[in-house]
Amino acid sequence: MIIGLMVLLILSIVGACAYRCGGAGKPYNTKYRDLGVPTLASLALLILGAIPCHFWGIAAFILFFGLLFGSLTTYWDFLFKKDCFWFSGLIVGLSGLPVALAQGKFIGCIIRMGLISGVWQLLNKLLPQKVFCWTRDIVEEFGRGFITIITLPLLLI
């Protein structure tokens, strides 16, 4: 169990880096975030044993990847006219719904949706312009990538 938590922590840190690289611009591309975070999150789900080994489990795994990819590539400015991180976080959290459906466990999925939504919004609103030697954007993006993966064990509740 300790090894699994350490692996989850490492995947979360690497996911935070991928999320940041995807938002950093040149020489990186947004695909670092768009493909990197869902790939690492999917790997974390496999390591956690969160994917039941039957048709619906495999379908949930594929849907999870696709929904997480889609949620990271979509900006909701057309709905809200500005960055609305609580809603983006909510949609990222919603990507875990197929896994919850396959397992029949929903409480953790709902908690995860609220947690990601709240943390994404708080990171945007409460951070000062400079955090140690980093700008707020860097810390925000690392935080969003990290929380997206580190909360995956909630899908087991």
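The values are calculated or read from the model by the stated rules, or taken from the named source; none is laboratory data. Note that the structure is predicted; figures quoted are calculated from it, not measured. FYI the Cβ positions are ideal-geometry reconstructions off the backbone, even for glycines, and counts take in every protein chain you see. When the accessible area is computed, the model is the full protein with side chains, heavy atoms only, and any ligands, DNA or RNA have been set aside. Shrake-Rupley method; radii C 1.70, N 1.55, O 1.52, S 1.80 Å.
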Place a +1 charge on the Cβ of each Lys and Arg in the chain and a -1 charge on the Cβ of each Asp and Glu, then give the dipole magnitude about the Cα centre in debye, rounded to the nearest 20.
200 debye
Which order do you get for 34, 137 if you rank them by accessible area with a 1.4 Å probe, largest at the top?
137, 34
Over the alpha carbons of the chain, what is the largest minus smallest coordinate on each principal axis, giving the biggest first in Å?
46, 37, 27
Please work out the Cα center distance from region 30-49 to region 98-112, rounded to the nearest Å.
18 Å
With everything on Cα atoms, drop me the angle between helix 55-73 and the longest principal axis of the chain, reported from 0 to 90° to the nearest 10.
10 degrees
If each DSSP helix of 4+ residues adds -39,500 (n - 2.57) and the sum is divided by the residues in the chain, what number results at 222 nm, nearest 500 deg cm²/dmol?
-24000 deg cm²/dmol
Along the Cα→Cβ direction, 7 angstrom out, place labels at residue 136 and residue 54. What is the inter-label distance in nm?
4.9 nm
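May I ask you to give the solvent-accessible area per residue for the chain, in square angstrom, as obtained with a 1.4 angstrom probe?
I get 54 Å² per residue for this part.
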Protein accessible area in region 22-87, 1.4 Å probe - carbon and sulfur %
71 percent
May I ask you to order 65-73, 84-92 by the average number of other C-beta atoms within 10 Å around their residues, highest value first?
84-92, 65-73
Once both axes come from the Cα atoms, what is the angle between helix 2-24 and the longest principal axis of the chain, in degrees from 0 to 90, rounded to 10?
40 degrees
Within 10 Å, count the other beta carbons around each residue, average over each peptide in 53-59, 115-121, and list them highest first.
115-121, 53-59
